[in-house]
Amino acid sequence: MGNLIRKHGEDYKILSNDLLKRCCTITGFKNEEIRNEHRKFFSIAESGRLKKSHMEELLGDYLPTTKRKHSKYFTKCVFSAIDTNNDGYIDFLEYLMSVRFFRTESPIEKADFIFRIIDKNGDHRVSKEELERTLICLQEFRKSLTNNHAIDVINDDLQLATHTIFEILDEDKSGFIGVSEFKDAWLKNETIRALFTF
């Protein structure tokens with residue numbers, strides 16, 4: 001995500017014209033949007049390194065509201081998906097790219113980002129346990145929505161729903177869901193999109 005425009009040793013505290021141009025190129029955002037996100041990011045992460053504990057403050061508008069114990073796990077999953085260099089912090093470029101992915105209308109980019117959130121350990125495949133924990137986190141969020149047919153899928157029996165969804169997604173029957181399997185189901189199956197959209 002951020003590695004496409006990251007320069008070695010750059011801390012991004014100063015939004016130079018070069019950095020602004022690179023950010024515009026990779027995100028498609030306008031100059032003013034990037035300036036606003038830069039101010040917002042550094043008002044919370046003065047050091048340029050956002051901790052997990054401050055992520056909800058910065059990205060709260062994009063995250064589903066769930067019960068505290070479930071939101072902690074989900075926050076860890078989202079943090080892992082955003083922290084692409086795995087240094088335990090989110091830098092400005094990782095943050096900016098996450099905003100792009102949260103806002104994207106591209107179904108392929110959205111599916112890829114959601115997959116990375118579900119894939120908590122980052123091994124590029126989703127286990128049944130990762131799927132179930134994500135569904136638990138999203139279950140409370142889904143209950144707060146009205147007229148959402150996705151909640152009917154997981155309301156009755158979460159373990160059965162996880163098994164059924166896993167069977168649909170694991171097309172090659174490997175015991176794991178690969179990113180291409182998830183993207184394929186995302187594009188073809190309205191229920192899958194509804195379950196994992198927030």
From the option list THR162, THR191, single residue qualifying as in a helix (DSSP H, G or I), at pLDDT 85 or above, surrounded by 18 or more Cβ atoms within 10 Å (Cβ to Cβ) and of a type in the set (Ser, Thr, Tyr) is THR162
Some residue of the stretch 125-132 being out of contact with any His (no Cβ under 9 Å at 6 or more places or on another chain), part of a loop (DSSP other than H, G, I, E, B) and either crowded, with 17+ Cβ neighbours inside 10 Å or modelled with pLDDT of 95 or more (or both): yes
Can you confirm whether LEU96 is at pLDDT below 90, crowded, with 16+ Cβ neighbours inside 10 Å and closer than 18 Å to LYS13 by Cα? no
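For the stretch 112-121, indicate whether the set of residues that are outside the structural domain of GLY28 (by TED's automatic domain parsing), among the acidic types (Asp, Glu) and either within 13 Å of the chain's Cα centre (by Cα) or modelled with pLDDT under 85 (or both) is non-empty. Give the derivation first.
Taking the stretch 112-121 and keeping what is outside the structural domain of GLY28 (by TED's automatic domain parsing), we get 112-121.
Pick out the ones that are also among the acidic types (Asp, Glu) and you get 112, 119.
Next, from what is left, pick out any that are either within 13 Å of the chain's Cα centre (by Cα) or modelled with pLDDT under 85 (or both): 112, 119.
Yes, the conditions are met somewhere in the stretch 112-121.
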Out of the residues in the stretch 47-93 meeting the condition of being among the acidic types (Asp, Glu) and modelled with pLDDT under 85, tell me which one is farthest from the chain's Cα centre (by Cα). GLU57
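The values are calculated or read from the model by the stated rules, or taken from the named source; none is laboratory data. Since this is a predicted model, take the numbers as computed values, not measurements. Because the Cβ atoms are built from the backbone with ideal geometry, glycine has one as well, and the counts that use them run over all protein chains shown.
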